[in-house]
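Notes for the one structure printed next.
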Amino acid sequence: PRKLKKPSASFPLPPHPNGYWVKKITGRQHRFGERWATPQDALAEYMETKDDLFLGRQVARGKLTVRDACNAFLDDRHARLESGEIVQRSFDDYRKTCLNIVEHLGRETAVEDLKPRDFTRMRTKLAERWSKVTLSNEIQRVRVCFKFLYDSGEIDAPLRFGPAFRRPSAKVLREEKNSKPAKDFTADEIRRLIDAASSSMRAMIFLGINCGFGNTDVARLNRDALDLADRWVEHPRPKTGVMRRCRLWSE
């Protein structure tokens, strides 16, 4: 068989007698490219996978990678966004979750090689910078992503997340909420806001305190939902579609 030669002295991959380009990383020898691959092909694979390998992660070859898994999941969520089944904010949250999955689990890691300890490490890192509520929502979205992979046949068996990869308990969430200052407005503060607001902003404030409408509720409200003669508003929650009927104040 022909002998492989490095294209330059600075080329990071030495040749192996069996026809592979190789490099020892964290005590293990890894090969790059197919047998007798060109130096450029081997280098491209090395550059794509080296970050994961130096962190000790297993790299998928011929298996479903974390990156491809997240892309498949986001394709499904985008189709649901286009059909009106989810809103833009939900899709944006799922996209951010997938970026976190890739960052913490490794984009070239094989999904079937993921272990509970991988998710435990991910949870620990997220808990260091996020509130309990944010962490709880993120864990739920991660589970939704990997459940989709099993339900859609992308993987043959459900993943084991381990006992640590759970959402914070209801008690912990309540304790965190109670530890923070109240975000309520006093009646005097609301009156001052109303006095300083424009006519449209004043209407938004009244919808907030009268009907419990949030920003998205007000933004998506249309005239068909308003009965100004009898002072009623019928408007579904944008996220759940649950209809709400609220009596409007004369103001």
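The values are calculated or read from the model by the stated rules, or taken from the named source; none is laboratory data. Computed from a prediction, not measured in an experiment: that's the story for all the values here. For neighbour counting, all protein chains shown are included, and Cβ atoms are generated from backbone atoms with ideal geometry for every residue, glycine included. Heads up: the accessible areas ignore ligands, DNA and RNA and are worked out on the full protein's heavy atoms, side chains in. Shrake-Rupley method; radii C 1.70, N 1.55, O 1.52, S 1.80 Å.
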Among the residues of the stretch 111-131, what is the count of those that are among the aliphatic types (A, V, I, L, M) and either farther than 27 Å from residue 176 by Cα or open to solvent by 90 Å² or more (accessible area, probe 1.4 Å) (or both)?
2
In the list 92, 75, which residue meets the criterion of being closer than 18 Å to residue 143 by Cα and either open to solvent by less than 90 Å² (accessible area, probe 1.4 Å) or touching a residue at least 24 places away in the same chain (Cβ under 8 Å) (or both)?
92
Which condition number does residue 239 fail, the rest of (1) outside any loop (DSSP other than H, G, I, E, B); (2) in contact (Cβ under 8 Å) with a residue 40 or more places away in the chain; (3) basic (Lys, Arg) being met?
(1)
Could you please find all residues in the stretch 81-125 being in contact with a Leu (Cβ under 7 Å, 6 or more places away or on another chain), more than 30 Å from residue 45 (Cβ to Cβ) and not aromatic (Phe, Trp, Tyr)?
88
Just checking, does the stretch 73-86 include any residue being at pLDDT 90 or above and touching a His at 6+ places or on another chain (Cβ under 8 Å)?
no
So if I check each of 170, 182, 196, which one is at pLDDT below 90, among the aliphatic types (A, V, I, L, M) and surrounded by fewer than 11 Cβ atoms within 10 Å (Cβ to Cβ)?
182
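Only one residue in 189, 176 is open to solvent by less than 90 Å² (accessible area, probe 1.4 Å), under 22 Å from residue 131 (Cα atoms) and part of a helix (DSSP H, G or I), so which one is that?
On the way: 189 fails: under 22 Å from residue 131 (Cα atoms).
Testing whether each residue is open to solvent by less than 90 Å² (accessible area, probe 1.4 Å), under 22 Å from residue 131 (Cα atoms) and part of a helix (DSSP H, G or I) leaves just 176.
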Cβ-Cβ below 7 Å, separation at least six or inter-chain, first residue in the stretch 117-136 and of a type in the set (Val, Ile, Thr), second open to solvent by 40 Å² or more (accessible area, probe 1.4 Å): which pairs?
120/164; 133/173
Can you confirm whether the stretch 233-240 contains a residue that is among the aliphatic types (A, V, I, L, M), under 29 Å from residue 86 (Cα atoms) and in contact with a strand residue (DSSP E or B) (Cβ under 9 Å, 6 or more places away or on another chain)?
yes
Looking only at residues in the stretch 213-232 that are more than 28 Å from the chain's Cα centre (by Cα) and among the small types (Gly, Ala, Ser), which one is surrounded by the fewest Cβ atoms within 10 Å (Cβ to Cβ)?
229
Just wondering, is there one or more residues in the stretch 41-56 that are surrounded by 13 or more Cβ atoms within 10 Å (Cβ to Cβ) and in a loop (DSSP other than H, G, I, E, B)?
no
Could you go through the stretch 164-175 and let me know if any residue there is among the β-branched types (Val, Ile, Thr) and either out of contact with any helix residue (DSSP H, G or I) (no Cβ under 6 Å at 6 or more places or on another chain) or without any contact (Cβ under 8 Å) to a residue 24 or more places away in the chain (or both).
no
Of 154, 85, 108, the only residue that is farther than 30 Å from residue 219 by Cα and open to solvent by 30 Å² or more (accessible area, probe 1.4 Å) is 154
Which ones in the stretch 138-151 are of a type in the set (D, E, K, R) and open to solvent by 40 Å² or more (accessible area, probe 1.4 Å)?
141, 143, 147, 151
